[in-house]
Every structure is written in structure tokens, then in C-alpha cells.
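Below you'll find the structure, written out as C-alpha cells, and then a few comments.
Coordinate-derived values only; no laboratory data. All values reported here derive from a predicted model rather than from experimental measurement. Every residue, glycine among them, receives a Cβ derived from its backbone with ideal geometry; neighbour counts consider all protein chains shown.
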Amino acid sequence: MNGGQDLGGQMGFGPVRPEPDEPIFHAEWEKRVLALSVAAGAMGQWTIDESRHARESIPPADYLSFSYYQIWLAGLSNLLVTHGFVTPDELALGEPVTAPRPPKRVLKGADVPAVLRRGFPFEREAPAPAKFAVGDAVRTIVMHPTHHTRLPRYARGKSGVIERVTGCHVFPDTGSQGLPETAQWLYTVVFTGPELWGRDADPTSSVSIEVWESYLEPA
Amino acid sequence: MSGHHHHDHDHHHDNHFTPIEARVKALESLLVAKGYVDPAALDAIVETYETKVGPRNGARVVAKAWTDPAFAERLKADGSAAVAELGYGGRGGEHIVACFNTPNEHNLIVCTLCSCYPWPVLGLPPVWYKSPPYRAKAVIDPRGTLADFGVTLPEGQRIRVWDSTAETRFIVIPMRPAGTEGWSEEKLASIVNRDSMIGTGLPRVEDAL
């Protein structure tokens, strides 16, 4: 969706301001939001792409003014409500009013190191051979779906070259909608700066994005 | 002091949290009470990213790539497998690609859509990496972005930006600075700062331990 999250190429935010000796967290509550998001995600009730969609569905004015962990908190709260695990009243109260909805899994403290170390690999058995090969000229499609997609606006309808065939990976656009998991070939596609940004581009720059096969057509 | 103390209002004294702190505490209490999360798991997750996983991991990868050409080749061919040799991998870095800087090309990593970052080798991303100025500017004005970090590339070195739009995670392998010949892996790792593995910085010989 064309939400507040799709930031590539926007202007007016001012310079990047690195913070010297930045701490890992800036407040205790940030640690808890990170941990709650990881642990609640481990219940297995929604995909990582659905959680991304929950965050990017925050109205743009809020998205741009929230701190990062405020965005995570809003996204997590929303997922818990829409999936029927908590009610808005319970979130305000901080205690249960309704009976729990049993989740698929609960991440136990003792299992955390192994679960984090294993991660959640996204590569899948390929249903068909890859359509494109390294060096192929391709063009990204133009689309403006209201659901989650990983094709940023600045790279839609642009010509590039396949640099790498990564593998067959879980397709976020459907997974983010709670639909059954599907997978597609994933490629690294490189675009020249001028292809993306026209005459304002740095001609010595190039940008690559990771592109699922259905985002591409032969150039 | 006791003159300002009103027993009727004692409960206010318990409520010394900011609104966001109160919201997060309420959420944690609720999820624990409903049996959805284990408090021990929350503590273990925080501890992992505060003490175990961070950019020192990535620095070890870079130092090994600088000193062991066979490892560097494996890292180029399959980043995930190569970093796993050092014990790194997993959540937020299931599919790692190493981007080697060369005299002709400098690499810069961004996630314009969110905050994708190679957790197992760099830890959690800094605030600026997740914030609008960097996410907006890196793809359209990469040299201006580097200038915000005080970095100027040599004339003729192209710049390549990697936007992390999938579960692939990128780590920049900077070039080994001159004057480090014969250094141990450990000493080399000490000059590999976090930003040099994102592409917004360069290794600094003066940082050597």
C-alpha cells in the first residue's frame, strides 16, 4: 500500500542525524515492546508480512511522528485485537476481561536462544523453474495495491537488470493478507540512478531492490 | 514536604509512568495474564539483543574475510553459510548477502520500507537507520547521505545502494585499510565499526585496540 512507510525518494526530512555512542535502547519500555513483538509473533498467528502491514496501516501523519517502537506498539496492539486475542478495553485496563484465545504456540524462556538462532527461513521448494536469469533485462510492473507489497513506489515501472537469482521465497503480498502461503522466485534487480530519478540523479549511483517474479516483466 | 501530601490522592503517587510506559506495562501484564507470552522469554529476548548479538559479530566476519581469502570467497558465494561458520545466523538474518566494497564501487545498505537489517551480525539497527531522513534520502541522494556522516568517497568510486525489500539481509565488507599489514584478526576487528558494515562509514585505523 502507498502508506507512510514507503519513503524512498521523499524530501523535506532534513539531514540524517547519527547519534554518537547511541544506546541499544533509549528507554526501558522500548525493550519490552521489542520483546513483546518477538514473543507475540512467535505464537504463529500472523506472518511477519502481516505485522509489517499492521505498521504501515498507521495513518501517515502518525507513522511519521511516532518513534520506531511506538510504531511497533501500535502495530502489535492492532494485530492482537484483529486476531481476537485481546479487546481494546483489555488493552486500556491491562488485565483480562474475556477468556484467552489459545494460541498455536507460546515461546518459553528456555527456548528463546534456539528459536532466535534458528530464525524463520523464507526459502521454499520452487514450484517451477525461474523465468529470468542473471543479466536479463527486466521491467517492474506498475501497481498500486491497497494491501501490503514490497515493490516500493520509486521502483515501479522501471527498467533494470537481473543481478542475482536469490531463490524461491515466501511471497509477502498474499501472506500479509492472511492467505495461504505461496512462494515465488526472488531476484536482485539493479537500476541506474538516472533510470529511477531522471536528470536529478547521480549518474555514478545505482540502486538494487529484491524483486519477486510477479513484479517483473521482460524488458 | 509532608504538607503537600494528601492521603486522598495517594493512588496518584503510584502512577508515575509516562503514558507510553503505562501502555506498554498494561500490554505486558495483559499478555502474560492471558498466557500468550512467558515473562522469562521476554527477558531472554532483551538479554540476547543487549548482550549477545551486536556489531562485534559482523566485525569478526569482516576481519576473517580480510585475512582468509578462502573464507572471503565462501562469504561471496553464500553469506548465510559463511557467517554460520562463526556461529552467527537466525532471526532477522536468515538469508545474508555480503557486499564487498572495491576501489570502483562502494556499497550502502538501506530499508526504505521499514527497518530490515542483518540482526545476527549487526544487532538491532540504530534509530537513524529506521528513521525517515535516512530511508528517504539513501536511494535518491546516496552521496549526500554519506556527507551527513562526514564520509566522502574518492573521485571515480561508484556507489551502489541495496534496498532491503525482501528477507535477504546485507552486510557491507569494507576494504582493508592500508597500514594494517600483519595485524591479527582481533586487532583488525577492532577497527571495523558498525557504520562501515552499513556503508555509512569506513574502518578507522586509529580505533585499533
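Before moving on, here are some points about what is shown:
- Among A:Ser77, A:Ser205, sorting on how many other beta-carbon atoms sit within 10 Å of each Cβ, with the fewest leading, yields A:Ser77, A:Ser205.
- Three-way shape label, the range B:88-209, alpha-carbon gyration tensor, a/c 1.5: oblate
- With contacts taken as Cα pairs under 8 Å at a separation of at least 6 residues, chain B carries a relative contact order of 23 percent.
- Take each residue of peptide A:207-214, count the partner chain Cβ atoms within 10 Å of its Cβ, and average: the result is 6.
- Overall dimensions of the protein assembly as shown, expressed as equivalent-ellipsoid semi-axes from the Cα gyration tensor (√(5λ), whole Å, largest first), are 37, 26, 22.
- Relative exposure of B:Lys25, A:Lys31, judged by other C-beta atoms within 10 Å (fewest first): B:Lys25, A:Lys31
- Exercise: per-residue mean of other protein chain Cβ atoms within 10 Å, B:17-23: 4
- Computed per residue of chain A from DSSP H runs no shorter than four, each worth -39500 (n - 2.57), the mean residue ellipticity at 222 nm is -8000 deg cm²/dmol.
- Alpha-carbon centroid distance for the pair the range B:190-209 / the range A:121-166, whole angstrom: 33
- Debye intensity ratio in log₁₀ form over the Cα atoms of the range A:137-218, taken at each q of 0.23 Å⁻¹: -1.09
- Straightening the chain between A:Met143 and A:Met11 buys 45.3 nm, computed as 0.36 nm per residue apart minus the Cα-Cα spacing.
- Crossing angle, helix A:28-41 versus chain A [Cα axis fit, 0-90 degrees, rounded to tens]: 80
- Cross-link partners of B:Lys52 among aspartates and glutamates (Cα-Cα below 16 Å; sequence separation of 8 or more within a chain): A:Asp111, B:Asp43
- Computed packing ranks the peptides B:168-181, B:151-164 as B:168-181, B:151-164, most packed first, by mean other Cβ atoms within 10 Å.
- The protection proxy used here, the mean number of other Cβ atoms lying within 10 Å of each residue, ranks peptides B:129-139, A:58-68 as follows, highest first: B:129-139, A:58-68.
- Mean-position separation - Cα centroids, the range A:27-97 and the range B:42-91, in angstrom: 29
- If the convex hull is drawn through the Cα atoms of chain B, its volume per residue in Å³: 196
- Averaged over peptide B:45-55, the number of partner chain Cβ atoms lying within 10 Å of each residue's Cβ comes to 5.
- Taking a span of 15 Å or more along the helix axis (Cα atoms) and a mean Kyte-Doolittle hydropathy of at least 0.0 as the rule, the DSSP H helices of chain B that qualify are B:19-33.
- The overall shape of the range A:28-118, judged from the alpha-carbon gyration tensor, is oblate: a/c is not under 1.5, and a/b is no greater than b/c.
- Listed by chain and number, the lysines whose alpha-carbon sits under 18 Å from that of B:Lys130, ignoring those within fewer than 8 places in the same chain, are A:Lys31.
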